[in-house]
Amino acid sequence: MRKNSKSLFLILGALLGLFPLLNGCFIKDMAVNSVADGLAGQGDTWSSDNDPELVGDAIPFSLKFMESILAATPRHVGLLTTLAKSFTEYSYAYVQTKAEMIEDENLEKSREMKLRSKKLYVRARDYGLRGLDVHYDHFSDQLAKDPKTAAKVRKEDIDLLYWTGVAWIAAINMDKNDMDLLAERSEAEALINQADKLNPDYEDGSLQEFLITYEASRPGGSMEKAKEHYKKALELTLGQDASCYLNYAENISEKQQNRQEFEEMLGKALAIDVDKKPSWRLVNLIMQKRAKWLLSKEGTLFVQ
């Protein structure tokens, strides 16, 4: 959600109008690939929007359209990457978060939404693995046999590494009773570790922000390392990304039962001027809404 690009609706309108005029397999193939190229670059279209709900209502159409184009050009790595990223972001912002927010009022509905969120993460993971398979023959099969296979991925494919790993770990965390997914954790972690090795500053601190949660929650993880990732993320984001503060509050302050620090972190997230960094406006608004919700249930999160 951190880059600006042309409106998806303008792209779709123009392209849909052209399809009836196209004749011949070669021309159609060119057209499909052109559409795929355009869609692959639009994953951050709504990053500066100030209405998260409007964006949330529109994203499913975009995702399904991209999937329909992918069916005609199944080895388009750019589109596979965008789908991996977009399904991951949509699942977290609009399915997982809502499921968590309604858990106290409607446990059954919350469980249904968490299961849906897991499925969306798995779909994102699968698109990412398909993209890696295109550039590295039989990559997913080799990864399943030996997680060290991740080391062969080059820096130019770090987007695939990151989003595939994030989606995979998110799916695992959504359902700790899924033993098949849980058994794949070493594969997912290998992807994230390789991304960190290739470019620890990836996406203006996005990787470091994820590593806060990852390090604090993984088996054998270190709170001290999680705090180091927070410091690095804060440096890279210049304190303008609410996700950084929320990741710390939820995964470090809450777990260590440091209520004062928890409040301070969420206060910093809410104090961010979302207009100061327009390309991060949407994600900051979503995170600020989550921050308010966390503060509202603070009494149930802390013993004292």
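In region 258-280, of all residues being crowded, with 21+ Cβ neighbours inside 10 Å and modelled with pLDDT of 95 or more, the one that is farthest from Lys227 (Cα to Cα) corresponds to Ile272. Note on region 194-304: enclosed helices (runs of 4 or more DSSP H) holding 1 or more residues that are touching a His at 6+ places or on another chain (Cβ under 8 Å) are 202-217. Only one entry in Asp146, Asp126, Asp104, Asp178 is more than 19 Å from the chain's Cα centre (by Cα) and free of Cβ contacts under 8 Å to residues at least 60 places away in the same chain, namely Asp146. Here Ser279 does not fit the description of being touching a residue at least 60 places away in the same chain (Cβ under 8 Å) and touching a helix residue (DSSP H, G or I) at 6+ places or on another chain (Cβ under 8 Å). Among the residues of region 233-252, some residue qualifies, meaning at least one is over 18 Å from the mean Cα position of the chain (by Cα) and within 21 Å of Glu298 (Cα to Cα).
From Lys197, Lys176, which residue is at pLDDT 95 or above and charged (D, E, K, R)?
Exactly one residue qualifies, and that residue is Lys197.
Candidates Tyr127, Tyr121, Tyr92: the one that is surrounded by fewer than 23 Cβ atoms within 10 Å (Cβ to Cβ) and of a type outside the set (A, V, I, L, M) is Tyr92. Among the residues of region 72-107, those that are touching a helix residue (DSSP H, G or I) at 6+ places or on another chain (Cβ under 6 Å), in a helix (DSSP H, G or I) and aliphatic (A, V, I, L, M) comprise Ala72, Val77, Leu79, Leu80, Leu83, Ala84, Ala93, Val95, Ala99, Met101.
Among the residues that make up region 43-52, is at least one of them at pLDDT below 55, more than 20 Å from the chain's Cα centre (by Cα) and surrounded by 12 or more Cβ atoms within 10 Å (Cβ to Cβ)? Taking every residue of region 43-52 in turn, none turns out to be at pLDDT below 55, more than 20 Å from the chain's Cα centre (by Cα) and surrounded by 12 or more Cβ atoms within 10 Å (Cβ to Cβ). When region 153-186 is filtered for residues that are farther than 18 Å from Thr81 by Cα and part of a helix (DSSP H, G or I), the ones remaining, listed by number, are Ile172, Asn173, Met174, Met179, Asp180, Leu181, Leu182, Arg185, Ser186.
The values are calculated or read from the model by the stated rules, or taken from the named source; none is laboratory data. Keep in mind the model is a prediction, meaning the values are calculated, not measured. Here the Cβ is made from the backbone with ideal geometry for all residues, glycine too, and neighbour counts use every protein chain on show.
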